[in-house]
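Below: one structure, written as structure tokens.
Derivation of every value follows stated rules applied to the coordinates shown; laboratory data play no part. What you see is a predicted model; the values in this text were computed from it and never measured. Glycine also receives a Cβ, built like all others from the backbone with ideal geometry; neighbour counts cover every protein chain displayed.
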Amino acid sequence: MNPMNTPQPGGILIEGLRKVYGHGDTAVEALKHVNMQVSPGEVVGLVGPSGSGKSTLLKCLGAIIEPTSGRMTLGKDVIYDNGWKVKDLRALRRDRIGFVFQAPYLIPFLDVTDNVALLPMLAGVPNAKARERALELLTALDVSHRARAEPSQLSGGEQQRVSIARALANKPPVILADEPTAPLDSERALGVMRILNQMAQHAQTAIIVVTHDEKIIPTFKRIYHIRDGQTVEEAGEGLSL
Ligand SMILES: Nc1ncnc2c1ncn2[C@@H]1O[C@H](COP(=O)(O)OP(=O)(O)OP(=O)(O)O)[C@@H](O)[C@H]1O
Ligand SMILES: [Mg+2]
């Protein structure tokens, strides 16, 4: 059996990760030597100045771009070791990683419910069951009243909450969120962090949240600071939500 087809819980381990964009005079070393570890069930913050490599790190881990060298492990599987160790990167992204981007990237011609239900349907969940789960998530994210609307009819914050529901829909073992609370007010930003923490605990998901958002930084028990392409770990307050 191909283990990539079976979402399984597991943490994240990044060792000596390096990413250089471009070549020669115009090369940019976005990540120099990044080490990071996230246990199943943990929500970790990733902070650092603009241009410090936060999005680059998430894109490498999410198999959207290829690192230059180093090693990345998800659960039991080494996915990258100075080259990809997984043949089907698309299946890796679909089955094992939930993304929340800064921009929601919803599909404009599907309504809110189907935007959330689409990935589980593609993974073989019966349509009615996928929609039922979508509605549960939309309710938890306080946007179920817009379930039949199209994305263009939603506010920025509503769109972002739908995109978070979408990332959670397949119950992926890993969630990568890049500034997920930027467009949200305080109460909703904390609500999103509460849901991510519940998800982490109940489903043993390993979650990385890139953020500048002062409202949510106190919620992390552990924070990685990235500076000059390297990470330094720090204990956070771990505010109970
Ligand atoms: N496709 C690319 N080609 C060349 N350089 C890039 C590319 N993407 C990012 N970079 C560079 O890599 C460095 C890290 O960028 P990255 O987007 O990871 O930063 P960031 O920490 O996410 O910043 P921000 O907080 O502004 O989102 C920056 O110097 C950026 O200009
Ligand atoms: Mg970024």
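Just the residues that are within 16 Å of ligand 1 (Cβ to nearest atom) and aliphatic (A, V, I, L, M), please, taken from region 169-188.
Leu176, Ala177, Ala182
Of the conditions (1) buried (at least 22 other Cβ atoms within 10 Å of the Cβ); (2) in a helix (DSSP H, G or I); (3) not hydroxyl-bearing (Ser, Thr, Tyr), Ile175 fails just one. Which one is it?
The number of the failed condition is (2).
Inspect all residues belonging to region 46-63 and state whether any of them is touching a residue at least 40 places away in the same chain (Cβ under 8 Å), closer than 26 Å to Asp213 by Cβ and in a strand (DSSP E or B).
Checked region 46-63: at least one residue is touching a residue at least 40 places away in the same chain (Cβ under 8 Å), closer than 26 Å to Asp213 by Cβ and in a strand (DSSP E or B).
When the residues of region 71-88 are narrowed to those that are among the hydrophobic types (A, V, I, L, M, F, W, C) and within 16 Å of the chain's Cα centre (by Cα), which ends up farthest from Leu196 (Cα to Cα)?
Met72
Keeping to region 214-241, report how many residues are in contact with a helix residue (DSSP H, G or I) (Cβ under 6 Å, 6 or more places away or on another chain) and part of a loop (DSSP other than H, G, I, E, B).
Residues that pass the stated criteria total 5.
List pairs: first residue in region 123-148 and within 23 Å of Arg93 (Cα to Cα), second residue polar (S, T, N, Q) and outside any helix (DSSP H, G or I) anywhere in the structure, Cβ distance under 9 angstrom, at least six positions apart or on different chains.
Within 9 Å, the pairs are Ala123/Asn170; Val125/Asn170.
Need the failing condition index for Pro183 against (1) outside any helix (DSSP H, G or I); (2) more than 16 Å from ligand 2 (Cβ to nearest atom), just the number.
The one condition Pro183 does not meet is (2).
Please go through region 47-66 and pick out each residue that is aliphatic (A, V, I, L, M) and within 13 Å of ligand 2 (Cβ to nearest atom).
Val47, Leu57, Leu58, Ile64, Ile65
Any idea which residue in region 186-210 is farthest from Gly11 (Cα to Cα), counting only those that are out of contact with any Gly (no Cβ under 6 Å at 6 or more places or on another chain) and within 16 Å of ligand 2 (Cβ to nearest atom)?
The qualifying residue farthest from Gly11 (Cα to Cα) is Val210.
Exactly one of these conditions fails for Arg18: (1) buried (at least 18 other Cβ atoms within 10 Å of the Cβ); (2) of a type in the set (Lys, Arg); (3) within 16 Å of ligand 1 (Cβ to nearest atom). Give me its number.
The number of the failed condition is (1).
Just the residues that are surrounded by fewer than 24 Cβ atoms within 10 Å (Cβ to Cβ) and either assigned to a loop (DSSP other than H, G, I, E, B) or touching a Gly at 6+ places or on another chain (Cβ under 9 Å) (or both), please, taken from region 150-166.
Glu150, Leu154, Ser155
Hey, can you tell me all the residues within region 189-223 that are within 16 Å of ligand 1 (Cβ to nearest atom) and without any contact (Cβ under 8 Å) to a residue 12 or more places away in the chain?
Of everything in region 189-223, just one residue is within 16 Å of ligand 1 (Cβ to nearest atom) and without any contact (Cβ under 8 Å) to a residue 12 or more places away in the chain, namely Glu214.
Can you tell me which residues in region 24-41 are under 20 Å from Ile12 (Cα atoms) and either assigned to a loop (DSSP other than H, G, I, E, B) or of a type in the set (Val, Ile, Thr) (or both)?
Of everything in region 24-41, those that are under 20 Å from Ile12 (Cα atoms) and either assigned to a loop (DSSP other than H, G, I, E, B) or of a type in the set (Val, Ile, Thr) (or both) turn out to be Val34, Val38, Ser39, Pro40, Gly41.
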